[in-house]
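Structure first, commentary second.
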Amino acid sequence: MSIRVAVGQFKELTADDISFCRQLGVSGITVNRPDFDAPSWRAFLNKHYPYGPADFNQSETWDFMDLVNLRLRLEENGLRLEAIENVPYRFIDQILTGGPQQDRQIDNYCETVRNLGRAGIGTLGYHFAPNLVWRTSTSRPGRGGAGVSAFDLEQARQAPPTHKRMIDESELWGHYAKFITRVLPVAEEAGVLLSLHPDDPPVPTLGGVDRIMNSIAGYEKAFAIGNSPNHGMTFCVGTWGQMGGEIIYDALGKFLREKRVFYLHFRNIDGAVPTFSECFIDEGDVDVTRIVQILQSNSYDGFVIDDHVPQMVHDTPWGHRGRAFSTGFLKGLIRGMGADIAYPVGSVASSGRQESLHPRP
Ligand SMILES: [Mn+2]
């Protein structure tokens, strides 16, 4: 068994970020919700618009050249682009809630999936939560005063509606079925894996909008509607942990056996719904050793990333210090349990066992 440890959730990238990842000795990175039209991405990708892009900041697809440039830029530094998670919200707002442009957005999403496949990027993370991730505090003091986020359901229930109308479970499943049945055949043809993240927090409803990907049953339904080997999940240890009890261990074993786990978000959590706070990976209620044991006993052969991390002293908004701690912990945990760690191509440790940078599903 070989588990790759990668670093997660870059919203933008600099040359220093790439050096940081190389210093950590990770296999690669994931990028989260990149807007390749934004100035920071234009600078990173060396994009030039001599006459100005006609639809600047309004595109609803990712361009093939941006994707291939991003992948090559990372690979020339010995890092894989393990996955891209989430398209910008403006690509999918009407897919999620059924606006008049829903069909057009689905067509554009299919185009993005085709471009990902052509660019050699094999995994696209997605979610189906119209009002996204909720926390009632983003700066609660955690261990040693580190900044962590927290959630309290009673408080969250007092929030005003996020949409102009209520959106219930049955309506959401209708939108979901329309989306996934049209996108999955395209993903199969393009050789792209679609990886579904659970609704965080996993509660039935927030802000007048129901949440459907918050349980084993929700995922079973999603995979019954979208039944394809190219359809699986981002197993978010934090979010499953927030469901409390043994659910996380049962779900991980079950979905590994069913070949639905494409990669893991690996963090810990203190508490569970109705109240929880995030924490460092070496504290909290999830038994992270048991998680790795379940991966081992199911011969998991893929990557894990850090996910959200506490804000440490002198940290950056992205959390370089917090992420260095989580990543080092994960590498030690996995190696200490006897699993092989796959090193990035080109590093000293990888010599003699290089592997393809272009795994296809
Ligand atoms: Mn997550």
Pairs returned, first residue in region 136-163 that is at positive phi, second residue that is open to solvent by 30 Å² or more (accessible area, probe 1.4 Å) and among the aliphatic types (A, V, I, L, M), beta-carbon separation under 9 angstrom, 6 or more apart or interchain, are GLY144/MET312; GLY144/VAL313; GLY145/VAL313
Given (1) farther than 21 Å from HIS127 by Cβ; (2) modelled with pLDDT of 90 or more, PRO39 misses just (2)
Among the residues of region 300-312, the number that are away from the ligand (no atom under 16 Å from the Cβ) and over 16 Å from ASP250 (Cα atoms) is 3
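Condition test on GLN293, is it closer than 23 Å to PHE325 by Cβ, in contact (Cβ under 8 Å) with a residue 24 or more places away in the chain and either away from the ligand (no atom under 16 Å from the Cβ) or acidic (Asp, Glu) (or both)?
yes
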Residue pairs within 8 Å by beta carbon, gap of at least six or interchain, first lying in region 204-231 and under 17 Å from GLU258 (Cα atoms) and open to solvent by 20 Å² or more (accessible area, probe 1.4 Å), second of a type in the set (Lys, Arg) and at pLDDT 95 or above, listed first then second, are ILE216/LYS254; PRO229/LYS259
Picking from PHE151, PHE128, the residue that is at pLDDT 95 or above, within 21 Å of PRO229 (Cβ to Cβ) and buried (at least 21 other Cβ atoms within 10 Å of the Cβ) would be PHE128
Matching residues in region 238-261 (open to solvent by 10 Å² or more (accessible area, probe 1.4 Å), closer than 14 Å to GLY218 by Cα and within 15 Å of the ligand (Cβ to nearest atom)) number 1
Here the residues within region 129-164 that are out of contact with any Cys (no Cβ under 9 Å at 6 or more places or on another chain), farther than 24 Å from THR97 by Cβ and among the basic types (Lys, Arg) are ARG140
Exactly one of GLU283, GLU278 is within 13 Å of the ligand (Cβ to nearest atom) and in contact (Cβ under 8 Å) with a residue 40 or more places away in the chain, and that one is GLU278
For helices (runs of 4 or more DSSP H) lying entirely in region 132-237, having 1 or more residues that are more than 16 Å from the ligand (Cβ to nearest atom), within 30 Å of PRO317 (Cα to Cα) and of a type outside the set (Asp, Glu) picks out 153-156
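The values are calculated or read from the model by the stated rules, or taken from the named source; none is laboratory data. The model shown is predicted, which means the values in this text are computed figures rather than measured ones. In this analysis, Cβ positions are derived from the backbone assuming ideal geometry, glycine residues included, and neighbour counts consider all displayed protein chains. Areas reflect the complete protein model, heavy atoms only, side chains present, ligands, DNA and RNA absent. Shrake-Rupley method; radii C 1.70, N 1.55, O 1.52, S 1.80 Å.
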